[in-house]
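Heads up: the structure comes next, in structure tokens.
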Amino acid sequence: MRSLVTGGAGFLGSHLCDRLLARGDEVVCFDNLTTGQRENLAHLESHPRFQFVQADVIQPVLIDGRIDRIFHLASPASPPGYMQRPLETALVNSFGTYHLLRLAQERGARFLMASTSEAYGDPEVHPQPEDYWGHVNPVGERSCYDEGKRFAEALTMIFVRQFGVDARVVRIFNCYGPRSDPNDGRLVPNFVTQALTGKPLTVYGDGQQTRSLCYVSDLVEGLVRAMEAPGSTGRVYNLGNPDERTVLQFAEIIRRVTGSNSPIVYLPRMSPDDPHRRCPDITRARHELNWEPTVQLEDGLRETVAWFRERLGLGAVRN
Ligand SMILES: NC(=O)c1ccc[n+]([C@@H]2O[C@H](COP(=O)([O-])OP(=O)(O)OC[C@H]3O[C@@H](n4cnc5c(N)ncnc54)[C@H](O)[C@@H]3O)[C@@H](O)[C@H]2O)c1
């Protein structure tokens, strides 16, 4: 199969490229390198079935030949990433999604839209099942992202209903793992970098807000299953880990895994739209995709910490 991965130089996209190459696909990655890095793909540079194209998918996508699968992951993904690029974020999820859905229609490719748990906003239903419509501020500073993704979902379903495109949506909940950007302000990169460099761990708010973190290999497996599962056309799937913890608990576990003595400091909440609770209901993915996360938090964190140590030039893991 020939698969197109947009956002393939990013954290999740680069692992997805690895996974698709491992199953024997030819992989073309489109990325404009705004938040992604060539370094994430350095190990694939000379792979005979891999091609990198530096391109902005806000513009029409130019690609020759057959395409069997389109995984649309291109978009800034972290709050600092999208709040610094609100227009680009809104456009990659609107124009970008439109161009890629048209391409899927023209080439008869299957399409997967990488949406987000932020489509639920600051949820009033907990945990969030796919049929919960969400609680989103349509004009808040996060709206470039959450409303951008909601529009992308709507567009995807229009192409399913109106043009018979074989497309599905996955709502990804917070992920972590090697190749996540140390500077993008997300919880695990922040805490791990702070813990490893002896800086205080910065908790925004009282730390009682919850997150559920999914290790990258589990998430990538979910993306592939959602794309390939019979009956997945026109479906929406939550992909994430229902193992919900408070931000403070994550800070404490990361201190333990890194062996750090860094203190925890409290800062004001980053944004009034920052969700209080976040936990996926993955019943549908369990039943229809036979998927659930398998990597335990401490195991995933050990892998992640090892990668960050290397990246920060700190050498091998202690103990
Ligand atoms: N990582 C998570 O926890 C998480 C959670 C929910 C949703 N998602 C979604 O998964 C996808 C990947 O997230 P990630 O964490 O790997 O983020 P990332 O920032 O590491 O990767 C996104 C990639 O998209 C590229 N990109 C952005 N705009 C582009 C454009 N206009 N044209 C071409 N490429 C463009 C970036 O350069 C980057 O390589 C995103 O769509 C994000 O919304 C991720």
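FYI, it's all coordinate maths here, none of it is from the lab. Since the model is a prediction, treat every value here as computed from it, not as a measurement. Cβ sites come from the backbone with ideal geometry, for glycine too, and all protein chains shown count toward neighbours.
Quick notes on this structure:
- Low-density loop positions, chymotrypsin sites (Phe, Trp or Tyr not before Pro), the stretch 141-195 - DSSP coil, at most 10 other Cβ in 10 Å: none
- Relative contact order (%) - criterion: Cα under 8 Å, at least six apart; region: the chain: 17
- Interchain or long-range residues, amide H under 5 Å from Ala167's placed H: Phe111, Gly234
- When exposed loop sites are taken as GluC sites (Glu not before Pro) in a DSSP loop with at most 12 other Cβ atoms within 10 Å, the longest stretch of the chain clear of them is 125-319.
- Total charge dipole magnitude, the chain, about the Cα centre, Cβ charges on Lys, Arg, Asp, Glu only, Debye to nearest 20: 340
- Counting neighbouring beta carbons within 10 Å and listing from fewest to most, the residues Ile67, Ile158 come out as Ile158, Ile67.
- Separation between Cα centres of the stretch 52-110 and the stretch 201-219, rounded to whole Å: 27
- Histogram of C-alpha separations across the stretch 32-132, 10 Å bin width, %: 13, 37, 35, 13, 2
- Based on Cα atoms of the chain, Rg over Rh with Rh as the Kirkwood radius reads 0.95.
- Extending 7 Å from Cα along the Cβ direction at Asp243 and again at Arg107 yields two label points whose distance is 3.7 nm.
- Bridge type composition, the chain - antiparallel percent by DSSP, nearest 5: 10
- Estimated purely from DSSP H runs of n ≥ 4, each contributing -39500 (n - 2.57), the mean residue ellipticity at 222 nm for the chain is -10500 deg cm²/dmol once divided by its residues.
- Label point distance in nm, Tyr266-Ile63, each placed 7 Å from Cα along Cα→Cβ: 4.8
- Farthest towards the positive end of the charge dipole of the chain, among the residues Val305, Leu103, Gly8, is the Cα of Val305, using unit charges on the Cβ of Lys, Arg, Asp and Glu.
- In a DSSP loop and with at most 16 other Cβ atoms within 10 Å, the trypsin sites (Lys or Arg not before Pro) in the stretch 277-319 are Arg318.
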